[in-house]
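Please treat every number below as a calculation from the coordinates, not as lab data. These numbers were taken from a predicted model, which means no experiment stands behind them. Don't worry about glycine lacking a Cβ; one is built from the backbone with ideal geometry, like all the others, and counts go over all protein chains shown.
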Amino acid sequence: MVDISSVDIILKKCEGILITPLSESTYLVLLALYNGPLHGYAIIKAIENASQGAYVIAPGTLYGVLKNIEKQGLIETTEAEKDPRKKKTYGITDPGKKALDSEYNRYRNMIKLTDTILQDRE
């Protein structure tokens with residue numbers, strides 16, 4: 001049997017930003033931006049293509065996430081077109097990469113814990 005009493009959900013400060021567990025959509029957006037800046041529609045398509053259609057983010061959800069994580073300093077606008085549609089390109093910041101890496105490690109630890117517990121049941 002595994003003692004999970006010592007397992008904590010850790011809140012970390014990353015360059016002055018409180019990092020809590022990321023929502024799934026925030027995680028996916030940061031992941032899509034990890035290898036370089038993208039505009040909104042390209043973020044949607046990158047997530048959809050990489051997941052083979054398993055994850056699809058609606059535009060309304062995406063732009064809400066982008067606004068929030070830009071405010072948190074996890075992404076930044078790298079380019080904004082001056083046409084009437086105002087297409088913006090977003091890039092992940094160093095704190096955004098650190099938050100993504102932290103969340104990735106948290107997921108790995110949760111999977112490891114789950115595997116350990118499920119093995120005990122067999």
With the convex hull built on the alpha-carbon atoms of region 49-122, volume per residue in Å³ sits at 136
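What pairs in 67/112; 67/97; 45/87; 45/88 have C-alpha atoms more than 22 Å from each other?
Long pairs (Cα-Cα over 22 Å): 67/112.
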Separation of the residue 104 and residue 119 label points, Cα + 7 Å toward Cβ, nm: 2.4
